[in-house]
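Novice: If you scroll down you'll find the structure; I have some questions about it.
The values are calculated or read from the model by the stated rules, or taken from the named source; none is laboratory data. Given the structure is predicted, the values throughout are model-derived calculations rather than measurements. Note that we place each Cβ from the backbone using ideal geometry, even for glycine, and neighbour counts take in every protein chain shown. These accessible areas exclude ligands, DNA and RNA; they are computed on the full protein's heavy atoms, side chains included. Shrake-Rupley method; radii C 1.70, N 1.55, O 1.52, S 1.80 Å.
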Amino acid sequence: NGALFAFLDVRFKPWEGKGLQVFPIMLLGTAAAGMIDPVVRVRVLNRWKVAHNFGFNAANLFLGISSVLVSRGVHLSPGLLVGNAGGLRVPGMKDLSLAQKSRLIVAGLTGTMAVGLGAWFMTLLMPLAAGNTLTAGLFQLLSGPLSTFQDILLLAFTGCLTKVFFSLLPVPGSPGLTVAAKNRVGWAVGFLVSGFFFFHLILNKNTGI
């Protein structure tokens, strides 16, 4: 995923040896965004003693490639971080009740959004800390690494927000429809809130990050 989403940055041209510094930033940012949901769901599945495993997901890889192409085509920055080449598989998913399926999805998305908001909150605190007389010297000394860290946090936030919004889209086969079938009001609130932030912080070039 890190290599795939590195192509969101026009500077990344590995065949020319250019922009290689983008790769570790994308790797860490997308890892933070992509791993929270399966980690949370694994904990829930372990409590339920439901078998699960991880594996390659060709459909999600295609989705990731498509999101990169669309982002580059319409000049979105930092771009759409959608799709994960690897994913959690639950062979007995069909045997779970609607309530269990919905709870599993909500748990994963809640954890994802919590991490995303935490990352965003940290990016808001960093300029305040940089302007504080007690920490200004440290921030000036470590300006390079801290700038990179801030980029990783913004990518993590973007990836988390994008995942939640696209997961709640009311399209056939989406997790959002499962949640809506169990709790339509809860789904609507989550979808509208994530959609609002997604539009204003990612799509809207006047107010976005």
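Novice: With a probe of 1.4 Å, find how much accessible area the chain has per residue, and write the answer as a whole number in Å².
Specialist: 56 Å²
Novice: Points 7 angstrom from Cα along the Cβ direction at Ser97 and Phe56: gap in nanometres?
Specialist: Using points 7 Å along Cα→Cβ, the separation is 3.8 nm.
Novice: On the full set of protein chains, 1.4 Å probe, figure out the accessible area of Leu4 and give it in Å² to the nearest 10.
Specialist: Leu4 has an accessible surface of roughly 40 Å² with all protein chains in place.
Novice: Is it possible to state the helix-based mean residue ellipticity at 222 nm for the chain, with each DSSP H run of 4+ residues giving -39500 (n - 2.57), the sum divided by total residues, to the nearest 500 deg cm²/dmol? What is it?
Specialist: Result for the chain: -22000 deg cm²/dmol, rounded to the nearest 500.
Novice: Sticking with this one: Choose one of Ala129, Pro91, Leu146: the residue whose Cα lies farthest towards the positive end of the charge dipole of the chain (beta-carbon charges +1 Lys, Arg; -1 Asp, Glu; about the Cα centre).
Specialist: Of Ala129, Pro91, Leu146, it is Pro91.
Novice: Can you tell me the length gained on complete extension of the stretch Ala129 to Lys13, counting 0.36 nm per residue apart and subtracting the Cα distance?
Specialist: Using 0.36 nm per residue and subtracting the Cα-Cα distance, I get 38.3 nm.
Novice: Then there is this: Taking DSSP loops as anything outside H, G, I, E and B, show the longest stretch in the chain free of trypsin sites (Lys or Arg not before Pro) there with at most 13 other beta carbons within 10 Å. Before the final figure, lay out the partial values.
Specialist: Details: sites that count: Arg11, Lys49, Lys205.
Result for the longest clean stretch: 50-204.
Novice: Modelling each spin label as a point 7 Å along the Cα-to-Cβ direction, I'd like the Arg72/Phe121 distance in nm, to one decimal.
Specialist: So the label points at Arg72 and Phe121 sit 3.7 nm apart.
Novice: Moving on. So which DSSP H runs in the chain come out at 27 Å plus along the axis (Cα) with average Kyte-Doolittle of at least 0.5?
Specialist: Those that pass (Cα extent of 27 Å or more, hydropathy at least 0.5) are 22-48, 98-130, 143-167.
Novice: Here is a further query. May I ask you to compute the full-extension gain from Ala181 to Thr148, defined as 0.36 nm times their residue separation minus their alpha-carbon distance, rounded to one decimal in nm? Walk me through the numbers before you get to the answer.
Specialist: On the way: separation 33, 0.36 × 33 = 11.88 nm, distance 4.16 nm.
Fully extending the segment from Ala181 to Thr148 adds 7.7 nm.
Novice: Can you return the lysines within cross-link range of Lys49? Criterion is Cα-Cα under 20 Å, with same-chain partners fewer than 8 residues away left out.
Specialist: Filter leaves Lys94, Lys101.
Novice: Is the C-alpha gyration tensor of the chain telling us rounded, prolate or oblate? Criteria: a/c under 1.5 is rounded; beyond that, a/b larger than b/c is prolate, otherwise oblate.
Specialist: It is prolate, given that a/c is not under 1.5 and a/b is the larger ratio.
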